[in-house]
Amino acid sequence: MAQSGPRLEEENFIITGNRSWFHVIVDTLFTLIFWAYSLLVVVFFLSATFGFNTILTQIVNAAFNTVNQDIRDLVLLGLAVFLIFYALLFINRLYNKKKFGVLKRRHYPDAVTNIELASLGLMDEDAIEKLQNSDYAVFETNPITPLERKKW
């Protein structure tokens, strides 16, 4: 079994596709619109939280019939919920470490030898050697011996 890890340089590839310029322009336009909207939301929350009275906060507060204090309360509520969840997960982590101790991570098994493969009795040693030593193998018949099935 090969261990996981980074691919070799010759195995890396980029998938390319044929897209029309219209789709590229539409995707870029929607992406820019949503990034601009996200930036406006962040600016609104920051300016309302820190008490900066900008045109953006005035328009949004008028549209939603709120004041900057309502936005501050919402931000504080979100921060409080975040801190509660963080504390609960931290306490759960400490509890698990105390109860179960430091667990060892899984390690990869040693490489399987041809003798071990032959001891399974599923293939003869010649077929195992052929599969291990060549990049491409062709068999006239199936080299795997069928398992005996027990009848219940």
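Of the residues that sit in region 74-115 and are open to solvent by less than 100 Å² (accessible area, probe 1.4 Å) and modelled with pLDDT under 90, which one is farthest from the chain's Cα centre (by Cα)?
Asn114
I'm trying to understand the selection: among the residues of region 43-60, which are surrounded by fewer than 17 Cβ atoms within 10 Å (Cβ to Cβ) and among the aromatic types (Phe, Trp, Tyr)?
Passing the criteria: Phe50, Phe52.
Just the residues that are within 30 Å of Leu74 (Cα to Cα), of a type in the set (A, V, I, L, M, F, W, C), open to solvent by less than 100 Å² (accessible area, probe 1.4 Å) and at pLDDT 95 or above, please, taken from region 1-41.
Ile33, Ala36
The values are calculated or read from the model by the stated rules, or taken from the named source; none is laboratory data. The model shown is predicted, which means the values in this text are computed figures rather than measured ones. For neighbour counting, all protein chains shown are included, and Cβ atoms are generated from backbone atoms with ideal geometry for every residue, glycine included. These area figures cover heavy atoms from the full protein model, side chains too; ligands, DNA and RNA do not enter into them. Shrake-Rupley method; radii C 1.70, N 1.55, O 1.52, S 1.80 Å.
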